[in-house]
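S.K.: The structure's right below; bear with me while I get my questions together.
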Amino acid sequence: MSGLITVFRKEVRENIRDRRALFNSLLLGPLLFPLLFVGMMWFLESAEKERAEKTLELPVIGAQYAPSLIRFLEQQGTVILPEPENPEELVLNQEVPAVLRILPEYPEKWAEGLPAPVEIISDPSRQESNAPIRKIKLLLMGYGQQIGSLRLQLRGVSPQLAAPVMVKDVDLSTPKSRAILAVIFLPYVLMITAFTGATHLAMDTTAGEKERKSLEPLLINPVPRWQIMSGKMVTTTVFAMASLALTLVSFRIILPYMPVGAFGMDLTLGLETLLKILLVISPVAILAAALLTLLASFAKSYREAQSYMGLVILIPMIPSLIFMANPIKAESWMMNIPLFSQNILIGEIIRDESVAINWYAMSIASTLVIGLALAIMAATLYNRPRLIFSSS
Amino acid sequence: MIEVRNLYKSFGDVKAVNGVSFEARDGEITGLLGPNGAGKTTTLRMLYSLLPPDSGEIRIDGLDPTRDAMQIKRTLGVVPDSRGLYSRLTARENIRYFGELHGMNSDSIGARIENLTRTLDMGDFIDRRTEGFSQGQRVKVAIARAMVHEPQTVLMDEPSNGLDVMSTRALRDYIRELRQAGHSVVLSTHVMQEVAALCDRIVIIAGGEVAADGTAADLLNRSGCDSLEDAFVKLIGSEEGLLA
């Protein structure tokens, strides 16, 4: 084992002196992702606020047909704009989110007590126009209900008869479980960090060593090749773990500065939570180190290895993307799937749910088994002479 | 002492080494001379157990590289064709790394590095990072790390490649010192002057086969030529790929 330790010590020393390694493993992930997260939250919050507070400006066509509706809208704070020449174009050009059209038959139907037609011209595929459209619809519904009640009362019927069901919200979510964005985002960031933290080291210690022509002299030493490769993988794992730990610490520092109020979340990440997350994610660092080392070993140069890595970085994103598209209930069989299980577990830990010990055990064990299998493949890879000499 | 008998190695259809046999004795410098692509590097790689031979027999001090790889690596000092150094480590750290991989303790590595620094005249740059080293400095570090464990048998692949005149002279002096100390030295080269100036025994390799084998005098006799240069050309059958 002394060969393994010697290789490990040398790789650590060499890579600590490498600005590129330090930047990629220890700076990029830990600084960039938390800042990105906070920035995203600020942006979402301020955008949401702005839309909520903004007065609604609504061009109306045929305002003369429904003076009482117009008065109602104005009372509710809507600014009614005059009839535009080409309402469809106005909406398509995003100059206004929506245009209200009151049809000529409105007064006639109204007088007969039939539903009087109005149209909302809008483009719901524009995200930013969803809030104003919702507001207009709510206002129109409110007006309709008001008039409907009055009509019933005039005919001597209690308006309550027309509202057979009363819906009340009973909110059981705790402030922590409402931290839905964080529940999706944090596992995603950590998963990517495990891979980005390992990438540079995995490439530098294998493809880089081949490119610099120091692999052949290294393999002439009386140390079994699996020990040399394992020493390299242990270094890569340690850097990936350091990257993860730093990312968590940096989240811990940055979170208090987040705009918490708007989302009603309480996300403080205590020491215990951090350690739990680190425990869950650590096997991923081993898995990432082994997988990336294995792949990079096939490359002739750092550059070639880099071109593989672009694809590999998609792997840790897959489970998070699945969760974003289709949130599913956690079940125990999922704990056997690496990356997937960590995603679920970290989500549960952040939401402060209690997680069964055997879930932890299953997640860690299944990830370690696959990680070690990949590591063994990588460790024995250099027994094939072709891989050693496949340089330039 | 190295004994090689009927060594074969091919990569796909290419027969890189096609029945090579030779001996390299202790206290002698043996030169493998041949044009580029003659099979010298492949032969050496089989000697230091990086490549397994297809067939044939190798004995280095009685050990077989295919079976006793670890033990052979402990007794061999190899300066391979690729001399990559770790540019973010100093020359001393580069050499120390190899000493540690050989399982030497820290004190004996330190003493050995002092010794090699003096012999190879590396005092000026031993504690500098190897980034930006000249070719001569690189070769010295590559030799020092190959010799850190005081191997009995020394294999060098084109050691003077890319060196200037002064560095080449220093290298030759060092190789002669090794012979003096009773080591068995095998070097491969495509430079005729190198073998003429240095080698006790010459093995001429061309097309993966041994074209001739013996001392300089033997080769002159056998070819009936006056100069070694003419002898080489005659024995190889072509001037191609050789440097005067």
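S.K.: Pick from B:Ala91, B:Ala38, B:Ala170: which is most flexible by mean-square fluctuation in a GNM of chain B where alpha carbon atoms under 10 Å apart are linked?
M.R.: The residue with the greatest mean-square fluctuation here is B:Ala170.
S.K.: Another question, if that's okay. Just to be sure I understand: if I project the alpha-carbon convex hull of the stretch B:116-165 onto a plane and average over all orientations, what area do I get in nm²?
M.R.: The orientation-averaged projected area of the Cα hull of the stretch B:116-165 comes to 4.0 nm².
S.K.: Once you average over the residues of B:46-54, how many Cβ atoms of partner chains fall within 10 Å of each Cβ?
M.R.: 2
S.K.: List the residues, sorted by chain then number, that are 5 or more residues from B:Leu7 or on another chain and whose placed amide H is less than 5 Å from its amide H.
M.R.: Residues meeting the amide H criterion: B:Gly19, B:Val20, B:Ser21, B:Glu57.
S.K.: Mind checking the mean number of beta-carbon atoms from other chains within 10 Å of the Cβ atoms in B:77-84?
M.R.: Details: counts 1, 4, 2, 5, 3, 10, 4, 11.
Average per residue, whole number: 5.
S.K.: Chain B: D in µm²/s via Stokes-Einstein (Kirkwood Rh, Cα pairs, 20 °C, 1.002 mPa s)?
M.R.: Rounded, D is 116 µm²/s.
S.K.: Moving on. Using a simple charge model, +1 on the beta-carbon of Lys and Arg, -1 on the beta-carbon of Asp and Glu, nothing else, what dipole does chain A show about its Cα centre, in debye to the nearest 20?
M.R.: Charge dipole, chain A, about its Cα centre: 1760 debye, nearest 20.
S.K.: List, in the order given, every pair from A:Lys213/B:Lys9; A:Lys109/A:Lys135; A:Lys10/B:Lys73; B:Lys140/B:Lys234; B:Lys73/B:Lys234; A:Lys276/A:Lys329 whose Cα-Cα distance in the structure shown is over 31 Å.
M.R.: Over 31 Å Cα-Cα: B:Lys140/B:Lys234; B:Lys73/B:Lys234.
S.K.: OK, next. Please average, across the residues of B:64-76, the number of beta carbons from any other chain that are within 10 Å of each residue's own beta carbon, and give a whole number.
M.R.: 1
S.K.: Determine the distance separating the Cα centre of the stretch A:351-387 from the Cα centre of the stretch B:127-184; give it in Å without decimals.
M.R.: Distance between centres, Cα-based: 44 Å.
S.K.: Using helices alone, what [θ] at 222 nm do you get for the protein assembly as shown, with -39,500 (n - 2.57) per DSSP H run of 4 or more residues, divided over all residues and rounded to the nearest 500? Please list the in-between numbers first.
M.R.: Values: 24 runs with 327 residues, N = 636.
Here the helix-only value at 222 nm equals -16500 deg cm²/dmol.
S.K.: Which of the aspartates and glutamates could be linked to B:Lys15 by a straight reach, that is with a Cα gap under 16 Å, when you skip same-chain ones fewer than 8 residues away?
M.R.: Candidates past the 8-residue exclusion: B:Asp54, B:Glu209.
S.K.: Sticking with this one: I need the phi-derived Karplus couplings for the stretch B:41-50: 6.51 cos²θ - 1.76 cosθ + 1.60, θ = phi - 60°, integer Hz, Gly and Pro marked x.
M.R.: Rounded to whole hertz, the list is 5, 4, 4, 4, 4, 6, 5, 8, 6, 7.
S.K.: Pull up all non-local amide H partners of B:Ala206: gap of 5 or more, or a different chain, and H-to-H distance under 5 Å with H placed in the peptide plane.
M.R.: Answer set, sorted by chain and number: B:Ala211.
S.K.: Separate question: Going toward the positive end of the dipole of chain A, with +1 on Lys and Arg Cβ and -1 on Asp and Glu Cβ, which of A:Phe239, A:Thr205, A:Gly144 do you reach last?
M.R.: With unit charges placed on the Cβ atoms, the residue in question is A:Thr205.
S.K.: Pick out which of B:Glu100, B:Glu194, B:Glu150 has the largest mean-square fluctuation in a Gaussian network model of chain B, springs linking Cα atoms closer than 10 Å.
M.R.: Maximum among the listed residues: B:Glu100.
S.K.: Here's something else I'd like to know. Direction-averaged shadow area of the convex hull around the Cα atoms of the protein assembly as shown, nm²?
M.R.: Answer in nm², one decimal: 41.8.
S.K.: So what does log10 I(q)/I(0) come out to for the stretch A:53-162 at q = 0.20, 0.24 Å⁻¹, using the Debye formula with one equal point on every Cα and no solvent?
M.R.: Log10 I(q)/I(0), no solvent term: -1.09, -1.40.
S.K.: Through the Karplus equation 6.51 cos²θ - 1.76 cosθ + 1.60, θ set to phi - 60°, convert the phi angles of the stretch B:64-76 into ³J(HN,Hα) values in whole Hz; use x for Gly and Pro.
M.R.: 9, x, 6, 10, 10, 3, 4, 5, 5, 4, 6, 9, 9
S.K.: Taking every DSSP beta bridge with both residues inside the protein assembly as shown, roughly what % is antiparallel (nearest 5)? Intermediate values should be presented prior to the final figure.
M.R.: Values: 25 of 49 bridges.
If I count the DSSP bridges inside the protein assembly as shown, around 50 percent turn out antiparallel.
Since every read-out is calculated from the coordinates, none of them should be taken as a lab result. A quick note: this is a predicted structure, and the numbers were derived from the prediction, not measured. Please note: Cβ atoms are built from the backbone with ideal geometry, for glycine as well, and neighbour counts cover all protein chains shown.
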